[in-house]
1. Could you give the nm distance between label points at residue 188 and residue 154, where each point is 7 Å from its Cα heading toward the beta carbon?
2. Arrange 74, 84 by Cβ neighbour counts within 10 Å, fewest through most, would you?
3. Once you compute Rg and the Kirkwood Rh from C-alpha atoms, what is the Rg to Rh ratio for the chain?
4. May I ask you to list the residues of the range 212-238 whose amide nitrogen lies under 12 Å from a point 7 Å from Cα along the Cα→beta-carbon direction of residue 4?
5. More than 14 Å apart: what percent of Cα pairs in the range 173-250 qualify?
6. Choose one answer from 215, 127, 231: the residue with the largest mean-square fluctuation in a GNM of the chain with alpha-carbon springs under 10 Å.
7. Can you give the alpha-carbon Rg of the range 121-250 over 2.2 N^0.38 Å, where N counts its residues?
8. As a test of understanding, state the convex hull volume per residue of the range 1-90 from its alpha carbons, in Å³.
């Protein structure tokens, strides 16, 4: 039996080696009807570009703390994985602390004094909406596509590298984060290879793990849902997307 990955980048690499073309992250807006589906290969591509942006343009080094204040969106996954790929420590937006960088959507403003990065939240990404980039804030969408499709991390993480600010400020390393994601998958009843439908905000540790890592550790996929989650619409979507577990409160 092959050894289980003990760092997040190795987990994504393993999925890429198994089946790069299968769906991994699907984002659906019930209000507008927008739907974006990313394969394993496409997620890996975005992670490489995001990691390159963090390293090369934003001077993020291993161990630096990055506050992620992003809503339910496929870019939340690629930003979290991009941070972990370069050894950065992710801090959820609901956690208290002083990050080295704050990454937030163009639906809100900065909440810390750290250098800011605005992420455009249109269905397919792209530059942030007009007026959301203020002062020295970086527009991620204007720069990220210029980075290579493959990432060479300057200081790649190990199993004991810090990865996530957990409950009560305790920092989890990569091995602990993967274990926490596996435990959460078991707690919510997500089986191996299953497809998860979730509307859980990624602003807490469990919320981020549910949308970004639980589908990876189970070798499955996730459908992220935004918009008015009426029971009939959710049931119809669950059938259309062939999901195995629904984590949506109407």
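Every number here is computed from the coordinates shown, using simple stated rules; none is lab data. On a predicted model such as this, the values are computed, not experimentally measured, just so you know. Positions of Cβ are generated from backbone atoms using ideal geometry, with glycine treated the same way; all protein chains shown enter the neighbour counts.
1. Placing both labels 7 Å beyond Cα along the Cβ direction yields 3.5 nm.
2. 74, 84
3. Radius of gyration relative to Kirkwood radius: 0.94.
4. What the label zone holds, given the 12 Å backbone N cut-off, is 217-219.
5. In whole percent, the share of Cα-Cα pairs in the range 173-250 beyond 14 Å is 58.
6. 231
7. Against the compact-globule rule of thumb, the ratio is 1.25.
8. 108
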